[in-house]
C-alpha cells in the first residue's frame, strides 16, 4: 500500500513518463514478482490524491520491469511502455515426460542432449552434451563430425572450382597456348590486382570487351583485357592475339605479359601504358602533348618502325589489319606502342594468304581489301596513311554532315594536296620554316599511302625510311633541349589514365 507519506530511499527507483520523479515525497513503491506465476494482474487505486498535484500529475501507473532501475519510456508515437524480459520452458518437468533416444534425463529432447528443469517456474530446458553442438530439441552432433563435414564441404567446393577451371582452360584454348613462352596468370591473381574488376579501374570499353588497370607483385602496373561474353569467335580472337603478340619483340609494340585461361572468359595481361591513346590526344581539346611538331613526327616514326618490323623482320610476318590512332598507345616518354592484335594475321613468306572477310574499323579499312578480300601488307599502309591525315588535320576519317551523307577525310585531304591548299586543312603547329617543309613532305606521304590501286603505295619500309630521315634532323636539338621539353610537357600535358581505347569494329 502506497500513500502520500510513502518514502522510497533511492530516487532511481521512482519513475514517471520516462523522467525521474520530482521528489521523494511522491507516492511510489515496488515489489518483486514471485516466481512460478502463470498470470499477473495490476490494479492501481488512489485514495486521497493531493489536489495540488492533480493538475500536473493526473495519471498513475503500474507496470512490470526487468529491474528496479528500469524506467518507463515513451515511443516517438507518444506511447508509454516498459521493458520486460521473457523466460520460457517447455512441458512439465524432466521426470514427467517421455524419453528421447540417447538422452541422459527422460524428456522430449533430441539425441546427445541432457534435460534440466527450469529455475524460473515449471517446465524444462534441453542442452547439448559436452563436445556436441546443434539444436538440442532436434539433435546434437559431435564437434569432430562437424569439423569433418566442414572439411569435406571445403574440399568438394575446391574440387568443383578446380574442375570448372580445367573446363574453362580447355574451352579457352589453354592447351594451344602451352607452348607460348609467357606467364600463366591465375584468375584469383587478376581479381586481386583489379580489385575484383572494380568499375573505377576500367580503362576502356568496346564492342568485344573491357580493359582494366591493375597492380601485381612489386607494384607493377598492368592492363587486363577481358572479353565481355563467352563466344567462340571472341575466344579465337583472344587466342590469335596471344599467338601474334608472343612472336613480337619490339620497343614500339605493347608487351604481352601473360594470359589467364582458367576463368570463364580468357584474359590477356599487358604492360600498362600510362599516357593513353594517340586518338585521345588528337581529339581532346585539353591535350597539349601534340603541340610540338617534333613529338608528332616522333610518334608516327615510332609507329612506322613497328609496322615495318611486323611486315619485314617478324618471323612469320604479321599484318595488323586494324591500324588506327586508338590502337597506338603513348608511354611515359611519349614513345608510341602499337596495340590490339585481335584481328592480326600471320602470313608465311612462301605462300599467299587465302581470301578473308574484310575486318577492321570503318574509315581505316582498305577499300581494295574490302572489294577483293585479298589481304596484303598494303592494307596496313592504307590505315597508316589515314592515321597521318587524322594527326595533321585533327579530323575523323568519316564525318557525317547530314543523315545519309558522309564526308571522307581521304577525299578532302587528297584534294588539298593536289590543289596546293594544305594550309586550309592542317592543324599541326609549326615553329620554323623547315618544319613546314617537313610537314608538307609527310602530307604527300600520307596521300601516297592511300593510293589506288594498292600497288602504287609505298611499303612500310619506305614509309619508315622517310619518317626516320626527317626525325634525324631533330636528333641533336632534341638531345640538347630534352630537359626543357620534358619540363614543359609535365606542366601542360593532359595525362590520362587510359591504356586501351577499344572501339567497335565493323566486318564488311
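The values are calculated or read from the model by the stated rules, or taken from the named source; none is laboratory data. All of these numbers come straight from a predicted model, not from anything done at the bench. No Cβ is skipped: glycine too gets one built from the backbone with ideal geometry, and neighbour counts run over all protein chains shown.
Could you go through region 56-72 and let me know if any residue there is surrounded by 12 or more Cβ atoms within 10 Å (Cβ to Cβ), more than 20 Å from residue 40 (Cβ to Cβ), modelled with pLDDT under 70 and assigned by TED's automatic domain parsing to the domain that holds residue 42.
yes
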Looking only at residues in region 284-326 that are in a loop (DSSP other than H, G, I, E, B) and more than 33 Å from the chain's Cα centre (by Cα), which one is surrounded by the most Cβ atoms within 10 Å (Cβ to Cβ)? 292
Going by the conditions given, is residue 427 at pLDDT below 90, in the same structural domain as residue 370 (by TED's automatic domain parsing) and within 26 Å of residue 361 (Cα to Cα)? yes
Please determine whether any residue of region 99-114 is surrounded by 10 or more Cβ atoms within 10 Å (Cβ to Cβ), in a strand (DSSP E or B) and either modelled with pLDDT under 80 or in contact with a strand residue (DSSP E or B) (Cβ under 7 Å, 6 or more places away or on another chain) (or both). yes
With the structure loaded, tell me whether residue 223 is assigned to a strand (DSSP E or B) and either surrounded by 13 or more Cβ atoms within 10 Å (Cβ to Cβ) or at pLDDT 85 or above (or both) or whether it fails that test. yes
Within region 379-394, does at least one residue satisfy the condition of being out of contact with any helix residue (DSSP H, G or I) (no Cβ under 7 Å at 6 or more places or on another chain), in a loop (DSSP other than H, G, I, E, B) and surrounded by fewer than 19 Cβ atoms within 10 Å (Cβ to Cβ)? no
Kindly establish whether residue 438 is over 20 Å from residue 306 (Cα atoms), without any contact (Cβ under 8 Å) to a residue 24 or more places away in the chain and either in contact with a strand residue (DSSP E or B) (Cβ under 6 Å, 6 or more places away or on another chain) or assigned by TED's automatic domain parsing to the domain that holds residue 324 (or both). no
Breaking point among (1) more than 18 Å from residue 338 (Cβ to Cβ); (2) not assigned by TED's automatic domain parsing to the domain that holds residue 463, for residue 251: (1)
When you scan region 157-213, how many residues do you find that are under 11 Å from residue 259 (Cβ atoms), part of a helix (DSSP H, G or I) and at pLDDT 85 or above? 1
